[in-house]
């Protein structure tokens, strides 16, 4: 009977040990941030940010981890140079004074073993607010490409913000207060 005690203690200690999140590198060719907002309540203005960087720590066994992403505010791209200039100006993003948009999280929400949301802090226009990204799809697995296989975790995330909560009130209510952000991320273990 006493021979089982050390083995049982080792098993219980191992089972109780916290999971370790491993560093993942975002694949910037397969990572994007798109936005959409009402334009005079007639159409939806859409665009993207072209320069994104970030770091992810993730434990595949528990779907827990953290992330820290930055977006270059001046990389906004609507395919309309004049509009891009207005959005970069002090009227909206004020990219000269606030060059980066930052999204940080250390709380991933898991239900039934699935990642369903990410609780985060978004810093935009010099203001930090708590936000919740809803997970539209997420999975990890091997991608078999011609000549190679790589392990990838990736997903699509959605976030809706009120731009007025970040001090951007120009042209309200004609240009919508609600801004929808769609974020796609693929990342590989480092």
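Observations on the model:
- Against the conditions (1) in contact with a helix residue (DSSP H, G or I) (Cβ under 6 Å, 6 or more places away or on another chain); (2) without any contact (Cβ under 8 Å) to a residue 60 or more places away in the chain; (3) surrounded by 16 or more Cβ atoms within 10 Å (Cβ to Cβ), residue 186 satisfies every one except (2).
- Of all residues in segment 114-161, those that are surrounded by 15 or more Cβ atoms within 10 Å (Cβ to Cβ) and in contact with a helix residue (DSSP H, G or I) (Cβ under 9 Å, 6 or more places away or on another chain) total 6.
- Residue 46 vs. criteria over 29 Å from residue 141 (Cβ atoms) and at pLDDT below 95: no
- Qualifying residue in segment 119-136 (condition: more than 23 Å from residue 95 (Cβ to Cβ) and in a loop (DSSP other than H, G, I, E, B)): no
- When residues of segment 137-150 are limited to those that are out of contact with any strand residue (DSSP E or B) (no Cβ under 9 Å at 6 or more places or on another chain) and part of a strand (DSSP E or B), the one farthest from residue 189 (Cα to Cα): 145
The values are calculated or read from the model by the stated rules, or taken from the named source; none is laboratory data. All figures in this text were calculated on a predicted structure; none of them were measured in a lab. Counting neighbours? That spans all protein chains shown, and the Cβs are built from the backbone with ideal geometry, glycine included.
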